[in-house]
Amino acid sequence: MIPTDFEDVAQQVATGRLARQSIQGLLQEAHDRYRENREGLQAHYIPALGHADPEHFALSMAHVGGSVFEVGDCGHEFSLQSISKMFVFALAVQHLGRDEVRERIGVNNTGLPFNSVMAIELNEGRPMNAMVNAGAIATTELVPGEGPEDKWVAIHRGLSDFAGRELQLDAEVYASESAANERNKALGRLLKSYGRILGDPEAAVDVYTRQCSLRITTRDLAVMGATLADGGVNPVTGVRVLDADTCRDTLAAVAASGLYERSGDWMFEIGIPAKSGVSGGIVAVAPGKGALGAFSPRLDSAGNSVRGQLAVGHLSRTLGLNLFASAPERWSVPER
Ligand code: GLU
């Protein structure tokens with residue numbers, strides 16, 4: 001653990017403003033640039049995802065000022081999948097507090113794929129972070145509620161608050177994943193054997209499968225992400241969903257593990273916390289500025305949308321979102 005001494009020190013916030021205001025034009029530019037890219041393959045291990053039209057491509061951005069910009073197939077709904085993990089983590093931190101969630105789950109990268117059994121074994125049963133399947137399954141128990149049904153209600157309500165509308169379950173995806181999730185059930189049982197799941201592991205996997213099956217659009221993703229960029233207030237509805245500290249903690253955990261074992265590469269190249277899902281969605285959050293939602297079903301070998309990564313990367317540069325980029329404030333000195 002990193003030693004800290006923050007107890008009596010208030011959090012000050014200093015984020016920059018969006019570098020350019022022509023968001024609609026820049027979204028269009030990114031869409032035009034990558035729409036002919038046909039690399040990658042859509043996920044098939046959940047049979048219903050194999051039916052997706054691989055040509056779909058949508059980009060949205062929600063600004064913390066409340067405006068939303070969109071290009072492409074923005075009305076198309078797809079399942080939330082792994083992107084749910086970061087928002088459920090946020091609900092757990094909000095409910096139980098950062099220290100308990102960190103103790104039970106962790107906030108470090110496993111360095112291993114999203115559905116790894118080895119990651120549990122190598123870490124004495126600790127799932128290490130909530131962005132991999134094991135951690136996400138264990139995290140479903142940490143939201144408010146007595147049993148799995150109550151917890152599902154809290155998750156459904158919480159995720160809908162992030163989106164600013166009531167999200168619907170995709171019954172086909174839920175049935176398809178429920179019939180094909182033996183591996184997640186195995187992860188659940190292993191976690192139970194280590195005491196990292198206290199209730200019924202199958203029930204925890206079922207709640208997790210439901211949260212993955214919620215239908216969203218890129219607009220929803222952008223608004224959900226922008227709620228985390230806006231100190232926990234949904235910038236469109238004005239509803240407070242989380243405390244600002246919970247947003248900060250969630251984005252830190254996402255930065256470490258949002259793109260699975262490629263998270264370091266992602267931060268090196270793109271420089272903003274982002275989470276991807278196997279249906280082809282990506283949400284990327286620029287604190288104090290807003291969030292991008294991207295969707296295109298063809299994935300790379302780690303499970304990340306190819307067009308989505310390219311488009312978010314492009315927009316991070318053109319909109320000036322990279323958290324690590326700076327330019328000299330006072331001197332005009334040529335670059336080396
Ligand atoms: N529901 C999917 C699974 O558990 C989510 C995986 C993902 O999007 O990375 O395999």
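The values are calculated or read from the model by the stated rules, or taken from the named source; none is laboratory data. Bear in mind that the values here come from a model prediction, so they are computed numbers and not experimental data. Every residue, glycine as well, gets a Cβ built from its backbone with ideal geometry; the counts of neighbours run over all protein chains shown. With ligands, DNA and RNA removed, areas are computed over all heavy atoms of the protein, side chains included. Shrake-Rupley method; radii C 1.70, N 1.55, O 1.52, S 1.80 Å.
Structural remarks
- With respect to the stated conditions, E177 fails to be at pLDDT 95 or above, within 15 Å of the ligand (Cβ to nearest atom) and more than 23 Å from the chain's Cα centre (by Cα).
- Number of the exception - F268 against (1) among the aromatic types (F, W, Y); (2) in contact (Cβ under 8 Å) with a residue 12 or more places away in the chain; (3) over 18 Å from L26 (Cα atoms): (2)
- Within the stretch 96-122, being buried (at least 18 other Cβ atoms within 10 Å of the Cβ), away from the ligand (no atom under 16 Å from the Cβ) and of a type in the set (G, A, S) holds for one residue alone: G106.
- Meets criteria (in contact with a Lys or Arg (Cβ under 9 Å, 6 or more places away or on another chain), open to solvent by 30 Å² or more (accessible area, probe 1.4 Å) and at pLDDT 95 or above) for E172: no
- Note on the stretch 193-217: residues that are over 20 Å from the mean Cα position of the chain (by Cα), within 16 Å of the ligand (Cβ to nearest atom) and either of a type in the set (G, A, S) or over 20 Å from Q94 (Cα atoms) (or both) amount to 3.
- Residue that is farthest from S276 (Cα to Cα), among those in the stretch 287-318 that are among the aliphatic types (A, V, I, L, M) and not in a helix (DSSP H, G or I): A291
- Looking only at the stretch 123-133, and only at residues there that are touching a residue at least 60 places away in the same chain (Cβ under 8 Å) and more than 16 Å from the ligand (Cβ to nearest atom), the one that is farthest from V101 (Cα to Cα): E124
- Number of the condition not met by D220 [criteria: (1) away from the ligand (no atom under 15 Å from the Cβ); (2) surrounded by fewer than 24 Cβ atoms within 10 Å (Cβ to Cβ)]: (2)
- The condition (being surrounded by 24 or more Cβ atoms within 10 Å (Cβ to Cβ) and either in contact with a Phe, Trp or Tyr (Cβ under 8 Å, 6 or more places away or on another chain) or in contact (Cβ under 8 Å) with a residue 12 or more places away in the chain (or both)) is satisfied by just one residue among A136, A154: A136.
This table checks each residue for (1) more than 16 Å from the ligand (Cβ to nearest atom); (2) buried (at least 23 other Cβ atoms within 10 Å of the Cβ); (3) touching a residue at least 60 places away in the same chain (Cβ under 8 Å).
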| residue | (1), (2), (3) |
| --- | --- |
| M224 | no, yes, yes |
| G231 | yes, no, yes |
| G258 | no, yes, yes |
| R262 | no, no, no |
| G280 | no, yes, yes |
| A284 | no, yes, no |
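- Residue check for F87: surrounded by 15 or more Cβ atoms within 10 Å (Cβ to Cβ), under 28 Å from S301 (Cα atoms) and modelled with pLDDT of 95 or more: yes
- Applying the criterion of being among the small types (G, A, S) and surrounded by 19 or more Cβ atoms within 10 Å (Cβ to Cβ) to the residues of the stretch 52-67, the residue that is farthest from the ligand (Cβ to nearest atom) is A62.
- The stretch 68-78, subset modelled with pLDDT of 95 or more and either in a loop (DSSP other than H, G, I, E, B) or not charged (D, E, K, R) (or both), residue surrounded by the most Cβ atoms within 10 Å (Cβ to Cβ): F78
- So L49, is it within 16 Å of the ligand (Cβ to nearest atom), part of a helix (DSSP H, G or I) and over 23 Å from G158 (Cα atoms): yes
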